[in-house]
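Data block below; observations after.
The values are calculated or read from the model by the stated rules, or taken from the named source; none is laboratory data. Everything quoted here is computed from the prediction, not taken from an experiment. Note: ideal-geometry Cβ built from the backbone for every residue, glycine included; neighbour counts use all protein chains shown.
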Amino acid sequence: MRHFTRTLAVLALTASPILTSPVLTGPAWAEEVAPADVVFDEYGAVAKSLTGVPGDPAKGAEVMASKKIGNCVACHAVAQLSDTPFHGEVGPELSWTGEARSEAELRGILVNSKKTFEGTVMPAYYKTTGFIRPGEGFTKKPAQEPLPPLLSAQQIEDTIAFLMTLKDQ
Ligand code: HEC
């Protein structure tokens, strides 16, 4: 009888609303959106955060400036990153992108810029499949897909957060 009572107590606890409270479904537990599962709208924008965790603009600035991470400054001038030398001019200047673009547009451009700018030279930073035989030019042997994305989901969110701070000075 005592055992039965305890079982009931456990059942009551399991069904308790605490366990289904938003705490367990909040941002820290949100699942990352995999590269193949990203949903674009008809203009190439991506409304949903890839991680549910707000981006860190300081880390985003590092992604953009570092040759080892995003190396965006190889193609884009960014006045706010003037400490980093060798800004390229292949792409447009991004010093006022925070005024010109929405977060959803920027997410789409970073995940796969080809959905916004057809045939662009800008790399798709969150893509693992669907490349046109990558590696072939160098090795004659295509690399095996899926390839790792150039940036992680959180690095994309961090970069968006930094881009949103860019207003013309
Ligand atoms: C190989 C060169 C190259 C690299 C590297 C590159 N981009 Fe681009 N990017 C471009 C070009 C070119 C365009 C213009 C689109 C077009 O017409 O092709 C562009 C467009 C953009 C735009 C849209 C600008 C606008 O408002 O019209 C954003 C934002 C952007 N890039 C951000 C980035 C970020 C952030 C990175 C690094 C993670 C990056 N780019 C890396 C070449 C590059």
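Of all residues in the range 121-169, those satisfying the criterion of being among the polar types (S, T, N, Q) and either at pLDDT below 70 or surrounded by 14 or more Cβ atoms within 10 Å (Cβ to Cβ) (or both) are T128, T139, S152, Q154, Q155, T159, Q169. Whether a residue is aliphatic (A, V, I, L, M) and modelled with pLDDT under 95 was assessed, and L13 passes this test. The residues listed here are E42, E89; of these, the one that is among the charged types (D, E, K, R) and either surrounded by 12 or more Cβ atoms within 10 Å (Cβ to Cβ) or modelled with pLDDT of 95 or more (or both) is E42.
Give the range 64-105 a look and list any residue that's near the ligand (Cβ under 6 Å from one of its atoms) and hydrophobic (A, V, I, L, M, F, W, C), or say none. Matches in the range 64-105: M64, C72, A74, C75, V90, L94, A100.
In the set (1) over 24 Å from Q154 (Cβ atoms); (2) surrounded by fewer than 16 Cβ atoms within 10 Å (Cβ to Cβ), D83 fails one condition alone, (1).
For the range 85-126, a tally of residues being of a type in the set (K, R) and within 21 Å of E62 (Cβ to Cβ) returns 2.
Condition first: within 10 Å of the ligand (Cβ to nearest atom) and within 19 Å of the chain's Cα centre (by Cα). Now tell me which residues in the range 109-119 satisfy that.
I109, L110, S113, K114, T116, F117, listed by residue number.
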